[in-house]
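One structure below.
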Amino acid sequence: MDKRGKFIVFEGGEGSGKDTHIDRLKKKYAGREDIVFTREPGGTPQGEQIRSLLLTPRERKISVPRELVLFVAARAILLEEVILPALAAGKTVISNRFGLSTIAYQIYGRQCNEHLPMLQKLSAFAVGDAIPSDYILLDVTPEVGLARVRSRGDGLTSFDAENLAFHNRVREGYLKHISDYNGLVIDADRPLEEVWATVEAEVANIIG
Ligand code: TMP
């Protein structure tokens, strides 16, 4: 019998509300030792170092190949140290982002469509068959999402600071590829409580 746990991933552009909804899920499921929350990039000490390297705004941008490979490296570390052991122990993993982010941001956002087959090969090598059981896309219009980010007033990451066209391409990538994973799309332009009601019900349904 396969006792691997569920692997739920939240995806979405800037200001889609992922952090808020995942925080609420953490509170709702506090004390459930069979549920592990994590995030990408990050989730391990080395992964958090890669996160700060990638997200800190800098004068000279890092190259797209370097950026892409670092995201996949952070993913490989997180898998080995956190996700795979948890799934093997039959736990549910809820991750803030996973592989679809690299397709949306590096392939679509950075306009490197010709590199999609290479990313797929690299992911097969580094990530193997660790495919999420449930992808949930919080789909936000970039104008709405970026306004939310700015209103938080806690500074912008190097990705937040990209122009609107970049964020529109990211959204396009998400919407094109979410169906590759049979994922669920939730309209995250709606008010927070409405989106939360959907998120809460969907996760309860998956976890059972
Ligand atoms: P966030 O956790 O606040 O969403 O920040 C992560 C940022 O990193 C976000 O702007 C999206 C970006 N990112 C990529 O560009 N590619 C990736 O593969 C991942 C996981 C994140």
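The values are calculated or read from the model by the stated rules, or taken from the named source; none is laboratory data. On a predicted model such as this, the values are computed, not experimentally measured, just so you know. FYI the Cβ positions are ideal-geometry reconstructions off the backbone, even for glycines, and counts take in every protein chain you see. Remember, those area values only see protein heavy atoms, side chains included, never the ligands or the DNA or RNA. Shrake-Rupley method; radii C 1.70, N 1.55, O 1.52, S 1.80 Å.
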- Checking Val127 against (1) modelled with pLDDT under 95; (2) farther than 23 Å from Ile8 by Cβ, which test does it fail? (2)
- When the range 44-59 is checked residue by residue, the ones that are touching a residue at least 24 places away in the same chain (Cβ under 8 Å) and either closer than 18 Å to Gly12 by Cα or in contact with a Phe, Trp or Tyr (Cβ under 9 Å, 6 or more places away or on another chain) (or both) are Ile50, Leu54, Leu55
- Task: Examine the range 185-201 for a residue that is surrounded by fewer than 18 Cβ atoms within 10 Å (Cβ to Cβ), in contact with a helix residue (DSSP H, G or I) (Cβ under 8 Å, 6 or more places away or on another chain) and within 25 Å of Val72 (Cβ to Cβ), and state whether such a residue exists.
- Result: yes
- Whichever residue in the range 116-148 is assigned to a loop (DSSP other than H, G, I, E, B) and more than 24 Å from His167 (Cβ to Cβ) and, among such residues, is most open to solvent (accessible area, probe 1.4 Å): Asp129
- The lone exception for Ser101 - which of (1) among the small types (Gly, Ala, Ser); (2) more than 10 Å from the ligand (Cβ to nearest atom); (3) touching a residue at least 60 places away in the same chain (Cβ under 8 Å) it fails: (2)
- If we take the range 36-93, then helices (runs of 4 or more DSSP H) inside it with 2 or more residues that are modelled with pLDDT under 95 are 45-55, 64-78
- Message: Taking the condition of being under 17 Å from the mean Cα position of the chain (by Cα), within 15 Å of the ligand (Cβ to nearest atom) and among the charged types (D, E, K, R), how many residues in the range 128-183 meet it?
- Response: 5
